[in-house]
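Some notes on the structure that comes next.
Each reported figure results from applying straightforward, stated rules to the coordinates on display, with no laboratory input. Predicted model, so just to flag it, every value in this text is computed and none were measured. Neighbour counts are summed over all protein chains in view; Cβ atoms, including those assigned to glycine, are modelled from backbone coordinates with ideal geometry.
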Amino acid sequence: MNLILLGAPGSGKGTLAQLLSSELGVPHISPGDILREEVKKDSRLGKMAAPFMEKGELVPDVVMIKLMEQRMDEPDCEHGFILDGFPRTIPQAQQLDQFLSRSNKRIDFAVKFEVSEKCALKRLGGRRICSRCGADFNLYTKPPRKENVCDLCGGKLFQRKDDNEEVIYNRLKVYGEQTLPIEEYYNHQGKLLRINTENSPDMVLKEILEVLEA
């Protein structure tokens, strides 16, 4: 099954994508994670993407499309995938459809995660990442047992640059202006599913699986 997860920053896409990946047996592909790794490596792609990411703006389509086509060509995507954070613009969605059609594949569903701005701000502002193993925590919903220390490896926790309040507001603004049209794109194709994600991840996962199996 080929799925796209849609939703504003803080809607729970990352957490639920991992749960869905395990349940469905297909890879979870997060371009954000891939781009952050490229920035960390100071690669050519990372240098191109860093200025946009630091300001909470979308990375140019030409960079994203090339990145995602390379990833979806890998063997583990043969039987499906879950895209978390792509496509974010109509040109990206159109290019994705064209890319998949060349292999007689298609997007099965675009699942829209709906969450209030208040909830999204709380989730993002409280997010902390382990500097050693990459595990994620949240000061409000999943706090570490010891302040600023990873439960898993003892590494120091930090807040991502794109999770500070000013950047969060800009990310939500960018989403509203540039990404919401994607919903209409997949709604027109009859592929859009809407799910409220303010409940616990387990409850939301159960609802998604029930809808997909209907």
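For Gly85, the amide hydrogen comes within under 5 Å of the amide hydrogens of Leu5, counting only partners 5 or more places away or on other chains and with H modelled in the peptide plane. This model, with +1 at the C-beta of Lys and Arg and -1 at the C-beta of Asp and Glu, gives segment 60-115 a dipole about its Cα centre of some 180 debye. Full extension of the chain between Glu117 and Ser200 gives 28.2 nm of extra length, using 0.36 nm per residue less the Cα-Cα distance. Taking a point 7 Å from the Cα of Ser103 along the Cα-to-Cβ direction, the residues of segment 11-27 with backbone N closer than 14 Å to it are 26-27. Look at the dipole of the chain built from charges on Cβ: of Ile168, Ile65, Gly25, the Cα furthest out on the positive end belongs to Ile168. The overall shape of segment 4-79 is oblate: from the C-alpha gyration tensor, with semi-axes ordered a ≥ b ≥ c, the ratio a/c is 1.5 or greater and a/b is no larger than b/c. In segment 58-214, taking the dipole from charged Cβ atoms about the Cα centre, the farthest positive-side position among Phe81, Gln159, Val115 is held by Gln159. Where in segment 51-83 does the amide nitrogen come within less than 16 Å of the point 7 Å from the Cα of Lys41, taken along Cα to Cβ? From segment 51-83, the list is 64, 66-74. Summed over qualifying helices (DSSP H, 4 residues or more, each -39500 (n - 2.57)) and divided by its residue number, the chain shows a 222 nm mean residue ellipticity of -14000 deg cm²/dmol. Values (i) 38; (ii) 34; (iii) 42 are given for comparison; percent of Cα pairs over 26 Å apart, derived from the coordinates here, is the one labelled (ii).
Exposure proxy ranking for Leu19, Leu6, based on other Cβ atoms within 10 angstrom of each Cβ and starting from the fewest, stands as Leu19, Leu6. Charged side chains reduced to their Cβ positions (Lys and Arg at +1, Asp and Glu at -1) give segment 70-214 a dipole of some 540 debye around its Cα centre. Between Glu210 and Glu183, the C-beta separation translates, for a Förster distance of 22 Å, into a calculated FRET efficiency of about 0.55. The count of lysine pairs in segment 68-181 that are at least 8 places apart or cross chains, and whose C-alpha atoms lie under 30 Å apart, stands at 20. Ordering Glu213, Glu183 by the number of other Cβ atoms within 10 Å of each residue's own Cβ, fewest first, gives Glu213, Glu183.
Across segment 97-214, the relative contact order, built from alpha-carbon pairs under 8 Å that are at least six residues apart, equals 30 percent.
Rounded to the nearest 0.05, the FRET efficiency derived from the C-beta distance between Cys77 and Asn164 at R0 = 45 Å is 0.85. Evaluating 6.51 cos²θ - 1.76 cosθ + 1.60 at θ = phi - 60° for every residue in segment 118-133, the Karplus couplings come out as 4, 5, 5, 4, 5, 5, 6, x, x, 6, 9, 10, 6, 6, 9, 10 Hz, glycine and proline recorded as x.
Packing-based ranking of 146-159, 116-129 yields 116-129, 146-159, ordered from highest to lowest mean Cβ neighbour count within 10 Å. Between the C-alpha center of segment 1-58 and that of segment 65-137 there is a gap of 6 Å.
About its Cα centre, segment 126-169 has a charge dipole of approximately 260 debye under the convention of +1 per Lys or Arg Cβ and -1 per Asp or Glu Cβ, with nothing else charged. Positive end of the charge dipole of segment 121-192 (Lys, Arg +1 and Asp, Glu -1 on Cβ, about the Cα centre): tell me which of Ala135, Leu180, Gly125 has its Cα farthest that way. The listed residue farthest towards the positive side: Ala135.
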